Every structure is written in structure tokens, then in C-alpha cells.
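**Student:** Have a look at this one.
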Amino acid sequence: STHLVAIPDDGKLAATVSNNINLAIWNAVNGNHIISLQSPSKINQLAIVDRSNAVIVALENHTSLLIDIRSGSTLAVLNHQNQVNSVDLNANKNIAITGSTDQSAKIWSLLNPQQSKELKHNAAVNLVKLSPDGSLALTMAKYDKAMIWNTNNANARGEIPLSNSLLKRGGVFTTAEFSSDNQWLLTGTAAGIVQLWDIKNFRLSREW
């Protein structure tokens, strides 16, 4: 069974994960298969971007792997203290972000993967997302909070105003997307709620 898919903004490549560990990269224009790889651990999430020959995967074995699409070689191993739940990649700033059950998210420099900036939470980080220009990051921790950060210095820009009752019930975003101008954040939840957040003023604008 296929349980994860990813496609970059330009739509030229696609990545799929089947049976938890089998990663395949495809030419999304003509449907041709490019490469298949087997992960050393269950893949929890993945990301692929245009203008990059790499895909990043979040693994259950406490690591995230940056993999070269053409050769299949591992370009970097990004370590946490517990399983990695979410990842994202931005070619504009050559950075990646990872979120883990170890109650942290990390921003990594792809030019020097040994360097990272740590973003602390008080619970497992379930979702991370980078803005299109790479200047902002979202981190969502179950039972804790959702934060927006500046990626250049890892300073908190603000907290998404979620209700305490929702957080206590473990309500979390399952998906999120920044607008191209960094003014808005669109989120979705497992409860079937879609919300549009004004992240300049940190308030809820619309809900469906």
C-alpha cells in the first residue's frame, strides 16, 4: 500500500512511499520511474522541492535522511533523541527542518548539516513546515502549542492562538501551508476543520 506522497511546486518530480519503507522517485511529467530505495526504518513523512536533487525523509529510528535523488546516496543524517515525525525542505535558503517526539524541532543548514538550531517544545512535535522563501517555520506540538519562528536566528515570532481545551484534547494540525507573502497560514486538522490564520497579527481569520 502507498501511504505517503510528495510533489514539488514545479510538478516535475514525485515521491511515493509504500509498505512503510520503500521510497520511489518518479518523473511526474512522463510517469517514468527514476529510482527506488529501501529505508532502514519506517518513513513517517517526506518532502521534495523544485531546484533540488534531494528528498528528505523522517524516520522512526530517530533520524532524518537527506537523499540524493539521482544516485540514491545519503547526503546527510540529521539526528534526534526520538523518532522524527515531520520534515520539510527549502532550496531557497538551503535549510531543512525536522520535528521529533523528543519535544524539539531543529533547523539544519544543508551546506553544513552538522549545524542546527533547536526549537524547544514541552511535548512531541508532530508537524513542521517552512514558508516558500524559507524565512519562517511552523512547529506544532501535541498537548503544547503551535509556534511561528524566524529561521535565520531561531527566535519565536509568535504563537498561534489555539484554545486550551483543544490542546488538552490533543488537537493538532495535520497539514499546513504558508502563503507566498508570509501573511497567512492555512491549516487542517483530523477533525475536518480548515482554518486560515493571519500570522501578521496572530489571529484566526476564517474557519471551515
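**Student:** Between Phe202 and Ala28, what FRET efficiency comes out of the Förster formula 1/(1 + (r/R0)^6) with R0 = 22 Å and r the beta carbon distance, rounded to 0.05?
**Tutor:** According to the calculation, E is roughly 0.05.
**Student:** Which three lengths, in whole Å and largest first, does segment 67-182 cover when its Cα atoms are put on their principal axes?
**Tutor:** Taking max minus min along each principal axis of the Cα atoms, segment 67-182 gives 47, 33, 23 Å.
**Student:** Leaving out ligands and nucleic acids, and using a 1.4 Å probe, what accessible area per residue does the chain come to in Å²?
**Tutor:** 48
**Student:** Still on this model: Sticking to Cα atoms, compute the Rg of the chain to one decimal and its Dmax as the biggest Cα-Cα distance, whole number, in Å.
**Tutor:** 16.4, 48
**Student:** For the chain, what % of the accessible area comes from carbon and sulfur atoms, probe 1.4 Å?
**Tutor:** That fraction is 45 percent.
**Student:** Also, quick follow-up: Relative contact order (percent) for segment 39-144, with alpha-carbon contacts under 8 angstrom and 6 or more residues of separation?
**Tutor:** 19
**Student:** Taking each pair of distinct Cα atoms in segment 115-160 once, what is the resulting Kirkwood hydrodynamic radius in Å?
**Tutor:** 10.7
**Student:** Another question, if that's okay. Averaging the inverse of every distinct alpha carbon separation and then flipping it gives the Kirkwood radius. What is it for segment 47-118, in angstrom units?
**Tutor:** Its Kirkwood hydrodynamic radius stands at 11.9 Å.
**Student:** Among Pro40, Pro132, Pro113, which one shows the highest mean-square fluctuation when the chain is modelled as a Gaussian network with alpha-carbon springs under 10 Å?
**Tutor:** Per the Cα network of the chain with a 10 Å cutoff, Pro40 tops the list.
**Student:** Please compare each pair in Lys120/Lys145; Lys93/Lys129; Lys145/Lys200; Lys42/Lys120 to a cut-off of 21 Å on the Cα-Cα distance and tell me which ones are over it.
**Tutor:** Correct reply: Lys42/Lys120.
The values are calculated or read from the model by the stated rules, or taken from the named source; none is laboratory data. Predicted model only: the values in this text are computed from it and were never measured. As a convention, Cβ positions derive from the backbone with ideal geometry for all residues, glycine included, and neighbour counts pool all protein chains shown. Surface accessibility is based on the protein's heavy atoms, side chains included, excluding ligands, DNA and RNA. Shrake-Rupley method; radii C 1.70, N 1.55, O 1.52, S 1.80 Å.
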